[in-house]
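First comes the structure, then the notes that go with it.
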Amino acid sequence: HTEYLTSDSLELLDLSGCEIMIISRVSPLSRLTKIKTLILNYNPIKWMMPLISPTLEHLHISHCTLRYVSSEMLNYLPFLTHLYMSHNFRLAFKRGVSLSSTSLKYLDISFCNMNEINIEGLLNVDIVILRGNMLRTLSSRIFYNNTKLEYLDLSSNAIAEISEHAFHGLISLKQLNL
């Protein structure tokens, strides 16, 4: 028997350190009609089904044990602007998977030991933090679709090779940290 929190006024829900291990297909946000911020930090979450919320703007899932990012992760969060996923030490994008969102403005996937990244589906992202991963190569046109990206932090990676056209398409870039 599963119970869900119901509220027409709750805007921020902090479930940090609650020993949550799985986020199931039935969205725990479905009865929170005004939720804007969900904080799931410091939970042993290894995987999660896509959340469903027409109002969520900020999602914090840092310091968890997430292993894979699904291509559907952001599909049902049409107003999500900020996604914090840092310190998930085994996080990986499944091969060929790209996050897609037209609302996301801020993405932090720092200190996750990721060795490849695909953010081409984040068309309106302004800030991307990939600090402290295991990125070794920046391939040609990796940021081609991220034309609104203004701040890109790639510092503290193991980058050994940068393709000649790796930063092609970054027409709005104001700060790059290598």
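Remarks
- Of all residues in segment 73-88, those satisfying the criterion of being of a type outside the set (A, V, I, L, M) and not in a loop (DSSP other than H, G, I, E, B) are 82, 84.
- Test: residue 119 is surrounded by 18 or more Cβ atoms within 10 Å (Cβ to Cβ) and farther than 28 Å from residue 155 by Cβ: no
- Qualifying position, being β-branched (Val, Ile, Thr), at pLDDT below 95 and either at negative phi or exposed (fewer than 15 other Cβ atoms within 10 Å of the Cβ) (or both), among 127, 142, 109: 142
- Total residues in segment 89-101, condition assigned to a loop (DSSP other than H, G, I, E, B) and either within 11 Å of the chain's Cα centre (by Cα) or in contact (Cβ under 8 Å) with a residue 24 or more places away in the chain (or both): 7
- Subset of segment 154-165 (residues that are under 22 Å from the mean Cα position of the chain (by Cα) and either at pLDDT 95 or above or outside any loop (DSSP other than H, G, I, E, B) (or both)): 154, 155, 156, 157, 159
- Consider segment 102-120 and keep the residues that are without any contact (Cβ under 8 Å) to a residue 40 or more places away in the chain and outside any loop (DSSP other than H, G, I, E, B). The one that is nearest to residue 66 (Cα to Cα) is 107.
- Odd one out for residue 32, checked against (1) open to solvent by 50 Å² or more (accessible area, probe 1.4 Å); (2) at pLDDT 85 or above; (3) more than 18 Å from residue 69 (Cα to Cα); (4) not polar (S, T, N, Q): (1)
- When residues of segment 1-24 are limited to those that are modelled with pLDDT under 80 and either over 21 Å from the mean Cα position of the chain (by Cα) or more than 24 Å from residue 63 (Cβ to Cβ) (or both), the one least open to solvent (accessible area, probe 1.4 Å): 4
- Scoring residue 101 on the criteria (1) among the small types (Gly, Ala, Ser); (2) touching a Leu at 6+ places or on another chain (Cβ under 6 Å); (3) open to solvent by less than 10 Å² (accessible area, probe 1.4 Å) leaves a single failure, condition (3).
- Residues of segment 61-96 satisfying the condition of being surrounded by fewer than 17 Cβ atoms within 10 Å (Cβ to Cβ) and either touching a Lys or Arg at 6+ places or on another chain (Cβ under 6 Å) or closer than 17 Å to residue 48 by Cα (or both): 65, 67, 68, 70, 71, 72, 75, 76, 89, 90, 94
The values are calculated or read from the model by the stated rules, or taken from the named source; none is laboratory data. Because the structure is predicted, anything quoted here is derived from the model rather than measured. Neighbour counts are summed over all protein chains in view; Cβ atoms, including those assigned to glycine, are modelled from backbone coordinates with ideal geometry. Areas reflect the complete protein model, heavy atoms only, side chains present, ligands, DNA and RNA absent. Shrake-Rupley method; radii C 1.70, N 1.55, O 1.52, S 1.80 Å.
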